[in-house]
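Engineer: One structure coming up, written as structure tokens, with questions to follow.
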Amino acid sequence: MQNKGIVICTAVLLTLASIFYLSFSFATRYYDGEAAKLKDPIAQQDYKDSVKYLGIYSYQKCLETQIGLGLDLKGGMNVVLEISVPDVVETLADHKTDVAFTKSMKQAKAEEETSQSDFLSLFVKYYHQNAPGHRLAEIFATQQLQGKVSPQSSDSEVEKVLRANIQSAIDNSFNVVRTRIDKFGVVQPNIQKLEGQAGRIMVEMPGIKEPERMRKLLQGSANLEFWETYNASEIIPYLTQLDSRLANGGDADTATVKKAALKKAVAKVEPKFKIKSTAKEDASEASRAQINAAKKMHPLLAMLQTTGQNSLSVVGYASVRDTAAVNRVIHSAAAKQILPSDLKLLWSAKPADGIQAKNIYELHALKVTTTTGRAPLEGDVVTDASDQFDHLSGSPEVSMTMNSDGARRWAALTKANVGRAIAIVLDNAVYSAPRVNGEIDGGQSSISGNFTIEDTKDLANTLKSGRMPAPARIVQEEIVGPTLGAASIQQGVVSFAIAFVLLILYMVVMYNFIPGMIANAALIINVFFTLGILTSFQAALTMSGIAGMVLSLGTAVDANVLIYERIKEELRAGKGMKQAVSAGYSNAFSAIFDSNLTSLITGVILYIFGTGPIQGFATTWIIGIICSFFSAVFLTRLVYEHQLNKDRWMKLKFWTGISKNLMQGTNIKFMSMYKGTFVVTGLAVILFAGSFFVRGLAKSIDFTGGRNYVVQFEKPTQPEQVREALVGIFPGCTSGAISLGTDNKTIRISTNYKIESNSASVDDEVETMLYNGLKKTGMVSQKNVESFKNPDVRTGGSIISSSKVGPSIAKDVTYGAILSVLIALVAIFLYILLRFRNVAFSLGSTIALAFDALTVVGIFSLLQGVLPFSLEVDQTFIGAVLTVIGYSINDKVVVFDRIRENLGLHPKEDIQVLFNDSINQTLARTINTSTTTLIVLIVILLLGGKSIQPFAFAMTIGVVFGTLSSIFIASPIAYLVAGKEIRNRKKVEEAKAVEVK
């Protein structure tokens, strides 16, 4: 084998990288175990903050780098947020009431539901129709777009500005969402803009147990404000008095504080605690007692360290652990009596800079100066902002430009607050509170502070968009309870382990102990490399990801089977062991390469067009294919060549008593059967098509839009009972109930009630209606709706998982499903044509693949409601169809590769005999590969859990019919087309020979 050095070097580097990245998972587990030994939560956190893995990586870095678990394994929440582009356009047009504008907006919104064009393109099209001779600048030459759009601007210029502002709003929404999630404290969140889906942001939040709170958090508007502030010396005396009042049980005098008393209080204010740089010892019982005593003496100031007299708006510091307790105090009834009525206290957005202790936040004192209670200046006046560097200090800062109204108000605000701070607030968090050194006129100003370059970029982007110009709404949602996640982990591990053991046994039984164990070692290396690479990408492992890994084991065996079957052929041909092994690897390479590459093409299409679970499956499958190709083709060959070069294993057997003569010497005349097989295929197509049009498919909410709730009842409940109840619960709506599993206790309830509503309260409303309706019929007995929505409280019946898909997402899923299947078929057709240089092979494989896909869809239509698990068609089903296409092409490539080889070796042999011989020669490989894959799929089907059963069933159908179609559809079509070409070519050659004579 050539390039041994490169193979060895690659293997060593992959091994070291995999060990390195996988070690973070073990390090995190070790640190969690050590921290658990400490009883005090504060001591646990201090321990985690102090550890350094390998002397470099913090505990947080270990958490971020370890292999993460997806929502279906850990529990949590997944949402897709959609920023309303029509609302952005309406805001940029300053809410014009022009007839042509409003009519165009209405028409564009209506067509967007069914069109794949973006909203802005549709709006421009309709505006040109409704206002011929008028330009867009007449609508968008507003104060908000001053300097960007003028009355003389062309339509193309205006459209360019609108697209830039829409993208800016989306980017700003992304930054706001990321900040909110980080502040919420979610570990390892996944936040990303969905490519090709303008205005959509996907947020995955493992471990979330408060979905209602998260919905409100994500769908709130980003509100940018500029506030006047108090100096610390003006507010600290009130905080001191509030502390005394609470310490005395509320008996303190609440009369107006005199100026002399204020001055005295200011002089005497001293910190009640000090922030220490490091925690060197675990908190003891004595220290906890001291802390409790301090809180009794100073209920507020034991947690809030006040600042000095010379501080501007910052009145105190507190640990992030104490901010909630401080909030309760400063918003209490006593606080309302003591603190000034125009005082507004807000926390900083980020931990304070320049303090060695971690996670210490600043408390700012804002002054309410308007009668409405709103900020004197808001973000809608900012027209532009950019990040830059101070020309004197070189530190990052933000430059901003306001419109004329904002410039006037900003000048007045800064003039009135010279020597004081002006707080810049976003979503009730203070981002910066710079000192005003003088009046700032012209609307041009800069904001400096303790900023990093990233901070100024984000703040500039936030300032540029100001208050989020459009509402964000959740258009897709999935919630999985942690208990369900734990069950999924167990199912995934069990199915993986059993499938792995069965594959090991099968390879040993079929190919003897040493060859079988070398193939099995390649499987283990494949799993090791796959996990290592997944971890290095910081990808989360999901149930569908585990299924992808398990399936990659089945496809990995395919390469070993191909090689071993080829070695057996070479040995039977009389070659020595060294020559047989070398020829076996060399001759099998093209078939392995082609089959793996076609699978990769399908995997890439799955990744591009799929979302959520489909992408998780595609990621692990792609990595598994690459790793299995490397380990099976190169690493195993290194082992054999090393041993054979030392004259070992010279009499190695690649068969056992069971497999020695299995499928050997067969002489089945497959090509003579094509008329019968075509008739059977035609009848099957008619049956499947008829079922599709008559019975249809059980379309999930992925295609129809709606909400799904998986409810686990305490007693066996029939879906019919639930369906009857749903008629009364959601009158006039499309609702349904499907039983999951065989215990009749788990039922998935679907409804499209108010699915088009943008209100954040509708989700709670639907869940409450469902609870009341089911309780009225006696199917659930929970005391309240909160317990019903808690997936960990199973007694009495509860929602253990839920999902939501809006109409816009459903439309895109339908379009993407059809497009992805068509692209997969076209891509494979072109690749086969490129590799085999013969349209006969492309035509045969593509028609057979289309039949495979139709068979899966047809059987799902025929058997819906018959099997004990759901056969709903969702995104996972589309992934299964695409995977069937990718896997099925492997069989066809191997058969066609042998036909191509035989055509080169025996060009004058009868074409029918050649095709029959080629199929018979590869029959053992076809049976063995299909068997190994079916072993894996049947294990997943039986043990993989409810969420993955439909996928495994679809794949099982695909493998069976894909194997049959390779022999009885693809090959006969290729035979008929290629045979016709060869016969025509022979006639031409004979005619030329006659002319020569």
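The values are calculated or read from the model by the stated rules, or taken from the named source; none is laboratory data. Because the structure is a prediction, the values reported are computed rather than measured. Please note: Cβ atoms are built from the backbone with ideal geometry, for glycine as well, and neighbour counts cover all protein chains shown.
Engineer: Does residue 53 satisfy the condition of being touching a Cys at 6+ places or on another chain (Cβ under 9 Å) and more than 30 Å from residue 580 (Cα to Cα)?
Structural biologist: On the way: touching a Cys at 6+ places or on another chain (Cβ under 9 Å): yes; more than 30 Å from residue 580 (Cα to Cα): yes.
When the stated conditions are applied, residue 53 passes them.
Engineer: If the Cβ limit is 8 Å and pairs must be 6+ apart or interchain, which residue in region 882-894 that is within 20 Å of residue 562 (Cβ to Cβ) and in the same structural domain as residue 931 (by TED's automatic domain parsing) pairs with which residue that is surrounded by fewer than 24 Cβ atoms within 10 Å (Cβ to Cβ) and acidic (Asp, Glu)?
Structural biologist: As it stands, the answer is 893/594, since those pairs meet every condition given.
Engineer: Kindly indicate whether residue 980 is surrounded by fewer than 24 Cβ atoms within 10 Å (Cβ to Cβ) and basic (Lys, Arg). Let's see the steps before the verdict.
Structural biologist: Working: surrounded by fewer than 24 Cβ atoms within 10 Å (Cβ to Cβ): yes; basic (Lys, Arg): yes.
Spelling it out, residue 980 is indeed surrounded by fewer than 24 Cβ atoms within 10 Å (Cβ to Cβ) and basic (Lys, Arg).
Engineer: Could you tell me whether any residue of region 705-727 is more than 25 Å from residue 923 (Cα to Cα), under 33 Å from the mean Cα position of the chain (by Cα), part of a strand (DSSP E or B) and without any contact (Cβ under 8 Å) to a residue 40 or more places away in the chain? Show your work before the answer.
Structural biologist: Within region 705-727, the subset more than 25 Å from residue 923 (Cα to Cα) is 705-727.
Next, only the ones that are under 33 Å from the mean Cα position of the chain (by Cα) stay: 705-714, 719, 722-723, 726.
Narrowing the set further to residues that are part of a strand (DSSP E or B) leaves 706-712.
Retained after the next criterion (residues that are without any contact (Cβ under 8 Å) to a residue 40 or more places away in the chain): none.
Scanning region 705-727, I find no residue that is more than 25 Å from residue 923 (Cα to Cα), under 33 Å from the mean Cα position of the chain (by Cα), part of a strand (DSSP E or B) and without any contact (Cβ under 8 Å) to a residue 40 or more places away in the chain, so the answer is no.
Engineer: Search region 434-492 for residues being of a type in the set (S, T, N, Q) and in a strand (DSSP E or B), and hand back the single one that is modelled with the highest pLDDT. Before you say what the answer is, go through the steps one by one.
Structural biologist: Within region 434-492, the subset of a type in the set (S, T, N, Q) is 437, 444-446, 448, 450, 452, 456, 461-462, 465, 476, 483, 488, 490-491.
Now restrict to residues that are in a strand (DSSP E or B): 444-446, 448, 476.
Numbers: 444: 79, 445: 76, 446: 75, 448: 68, 476: 71.
Filtering first and then ranking leaves 444.
Engineer: Taking region 159-192 only, how many residues are within 18 Å of residue 82 (Cβ to Cβ), buried (at least 19 other Cβ atoms within 10 Å of the Cβ) and modelled with pLDDT under 75?
Structural biologist: Looking only at that region, the number is 3.
Engineer: Can you work out which of the residues in region 90-142 that are among the hydrophobic types (A, V, I, L, M, F, W, C) and part of a loop (DSSP other than H, G, I, E, B) is nearest to residue 403 (Cα to Cα)? Before the answer, list the steps.
Structural biologist: Step one: of region 90-142, the residues among the hydrophobic types (A, V, I, L, M, F, W, C) are 92-93, 99-101, 105, 108, 110, 119-120, 122-124, 131, 136-137, 139-141.
Checking the rest, the ones that are also part of a loop (DSSP other than H, G, I, E, B) come to 93, 131, 136, 141.
Working: 93: 16, 131: 29, 136: 21, 141: 13 Å.
The extreme case among them is 141.
Engineer: Would you check if residue 87 is in a loop (DSSP other than H, G, I, E, B), in contact (Cβ under 8 Å) with a residue 24 or more places away in the chain and charged (D, E, K, R)? Spell out how you get there, then give the answer.
Structural biologist: Details: in a loop (DSSP other than H, G, I, E, B): no; in contact (Cβ under 8 Å) with a residue 24 or more places away in the chain: yes; charged (D, E, K, R): yes.
When the stated conditions are applied, residue 87 does not pass them.
Engineer: Go through (1) part of a helix (DSSP H, G or I); (2) in contact with a Ser or Thr (Cβ under 8 Å, 6 or more places away or on another chain); (3) at pLDDT below 90; (4) surrounded by 18 or more Cβ atoms within 10 Å (Cβ to Cβ) and name the single condition residue 81 misses.
Structural biologist: Result: residue 81 passes all but (1).
Engineer: Please enumerate the residues belonging to region 914-932 that are touching a Lys or Arg at 6+ places or on another chain (Cβ under 9 Å) and either surrounded by fewer than 21 Cβ atoms within 10 Å (Cβ to Cβ) or assigned to a helix (DSSP H, G or I) (or both). Explain how you work it out, then say what you get.
Structural biologist: Within region 914-932, the subset touching a Lys or Arg at 6+ places or on another chain (Cβ under 9 Å) is 916-919, 921-922, 924-925.
Correct list: 916, 917, 918, 919, 921, 924, 925.
Engineer: Among residues belonging to region 678-696 that are touching a Ser or Thr at 6+ places or on another chain (Cβ under 6 Å) and assigned to a helix (DSSP H, G or I), point out the one that is modelled with the lowest pLDDT.
Structural biologist: Pass one, region 678-696, residues touching a Ser or Thr at 6+ places or on another chain (Cβ under 6 Å): 691-692, 695.
Now drop any that are not assigned to a helix (DSSP H, G or I), which leaves 691-692.
On the way: 691: 91, 692: 86.
Step by step, filter region 678-696, then rank; the result is 692.
Engineer: A further question follows. Which one of these does residue 575 not meet: (1) surrounded by fewer than 24 Cβ atoms within 10 Å (Cβ to Cβ); (2) assigned to a helix (DSSP H, G or I)?
Structural biologist: The one condition residue 575 does not meet is (2).
Engineer: Do we find a residue being assigned to a helix (DSSP H, G or I) and surrounded by fewer than 24 Cβ atoms within 10 Å (Cβ to Cβ) anywhere in region 613-622? Steps first, answer last, please.
Structural biologist: Taking region 613-622 and keeping what is assigned to a helix (DSSP H, G or I), we get 613-622.
Then keep just the ones that are surrounded by fewer than 24 Cβ atoms within 10 Å (Cβ to Cβ); that gives 615, 622.
Looking for residues that are assigned to a helix (DSSP H, G or I) and surrounded by fewer than 24 Cβ atoms within 10 Å (Cβ to Cβ), one finds at least one in region 613-622, hence yes.
Engineer: Going through region 342-384 one residue at a time, which ones are touching a residue at least 12 places away in the same chain (Cβ under 8 Å) and among the hydroxyl-bearing types (Ser, Thr, Tyr)?
Structural biologist: Answer for region 342-384, where residues must be touching a residue at least 12 places away in the same chain (Cβ under 8 Å) and among the hydroxyl-bearing types (Ser, Thr, Tyr): 348, 361, 369, 383.
Engineer: Looking at 30, 21 in this structure, which one is surrounded by fewer than 19 Cβ atoms within 10 Å (Cβ to Cβ) and either among the polar types (S, T, N, Q) or assigned to a helix (DSSP H, G or I) (or both)? Lay out the reasoning, then the answer.
Structural biologist: Values: 21 fails: surrounded by fewer than 19 Cβ atoms within 10 Å (Cβ to Cβ).
Selected residue: 30, the only one of 30, 21 that is surrounded by fewer than 19 Cβ atoms within 10 Å (Cβ to Cβ) and either among the polar types (S, T, N, Q) or assigned to a helix (DSSP H, G or I) (or both).
Engineer: Might you check whether a residue that is at pLDDT below 80 and surrounded by 21 or more Cβ atoms within 10 Å (Cβ to Cβ) occurs anywhere in region 714-724?
Structural biologist: no
Engineer: Say whether the condition of being free of Cβ contacts under 8 Å to residues at least 40 places away in the same chain, basic (Lys, Arg) and part of a helix (DSSP H, G or I) is met by at least one residue in region 47-58.
Structural biologist: Yes, region 47-58 contains at least one residue that is free of Cβ contacts under 8 Å to residues at least 40 places away in the same chain, basic (Lys, Arg) and part of a helix (DSSP H, G or I).
Engineer: While we're here: Among the numbered criteria (1) closer than 21 Å to residue 311 by Cα; (2) surrounded by 16 or more Cβ atoms within 10 Å (Cβ to Cβ), which one does residue 415 miss?
Structural biologist: All conditions pass for residue 415, except number (2).
Engineer: Turning to a different aspect of this structure: Consider region 494-553. How many of its residues are assigned to a loop (DSSP other than H, G, I, E, B) and closer than 22 Å to residue 887 by Cα?
Structural biologist: Selection size over region 494-553: 1.
Engineer: Only residues that are part of a loop (DSSP other than H, G, I, E, B), exposed (fewer than 13 other Cβ atoms within 10 Å of the Cβ) and under 48 Å from the mean Cα position of the chain (by Cα): list them for region 623-659, please. Spell out the reasoning first.
Structural biologist: From region 623-659, those part of a loop (DSSP other than H, G, I, E, B) are 646-659; that's our starting set.
Now drop any that are not exposed (fewer than 13 other Cβ atoms within 10 Å of the Cβ), which leaves 646-648, 650-651, 657-658.
Result: 658, single match.
Engineer: Does residue 776 meet the test of being surrounded by fewer than 18 Cβ atoms within 10 Å (Cβ to Cβ) and touching a Phe, Trp or Tyr at 6+ places or on another chain (Cβ under 6 Å)? Talk me through it step by step, then tell me what you get.
Structural biologist: On the way: surrounded by fewer than 18 Cβ atoms within 10 Å (Cβ to Cβ): yes; touching a Phe, Trp or Tyr at 6+ places or on another chain (Cβ under 6 Å): no.
When the stated conditions are applied, residue 776 does not pass them.
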